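Only one structure is covered here, and it is reproduced in the block below.
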């Protein structure tokens, strides 16, 4: 074990984890360094509510190019293909398409299927994908595009159309609330009480937290309490959906870190 592990570099720290993906693994890693974790998975990942359009998209494989934004998306597509009796066609379609990946996660998902990326984005962003594909002749090419929740990415699909390609998009999964409201309120209460040192807050939680808070305006008194606790303010603002939007004055936190 490393000196850092044995020294308990995070000993005495309370770290809030409003995360869903790989929650147990992340918590174990932090606990190995001596941290106490507060688990509250606020967002769950679920299949698209209506599988019909996703199944139809699967049946249009192969494409000339297949752009994969996330590993989760590829795994969801594979799972639906298996449930629908389309796995053989799905795998053949993947093999026949030129596979374009935005970052390491879809590459990892491809490797799980015995495949690899043919083109990697220069940077793991939409801009990186556009830069990479700008060097390719896309005229007349059918391009399958696997999207992810909260981003229809019209900038990317518009780029494809302007380059002469025909984009065909699919959204195979959605984000949904995972934790009961009572658990979320308990976590916010801990923040308001100054009991949380660090909150690991993924970006995908922001829209979810904002939506839930707008449905419950009665939390304004709790928001006011949070604004009196600089240590946890920035974390709690996101959990409440930017508390400044419900009448609170924001102050910068002095000790809490948001990672």
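Against the condition assigned to a helix (DSSP H, G or I), surrounded by 16 or more Cβ atoms within 10 Å (Cβ to Cβ) and touching a helix residue (DSSP H, G or I) at 6+ places or on another chain (Cβ under 9 Å), how does residue 61 come out, does it pass?
no
Any residue in the range 208-224 that is surrounded by 18 or more Cβ atoms within 10 Å (Cβ to Cβ), outside the structural domain of residue 100 (by TED's automatic domain parsing), at pLDDT 60 or above and under 29 Å from residue 10 (Cα atoms)?
The answer is no; no qualifying residue exists.
Which residues, taken from the range 24-41, are in a loop (DSSP other than H, G, I, E, B) and within 19 Å of residue 197 (Cβ to Cβ)?
Matches in the range 24-41: 33, 34, 35, 40.
The values are calculated or read from the model by the stated rules, or taken from the named source; none is laboratory data. In this text the structure is predicted, and so the values were computed from the model without any measurement. Backbone-built Cβ (ideal geometry, glycine too); neighbour counts: all protein chains shown.
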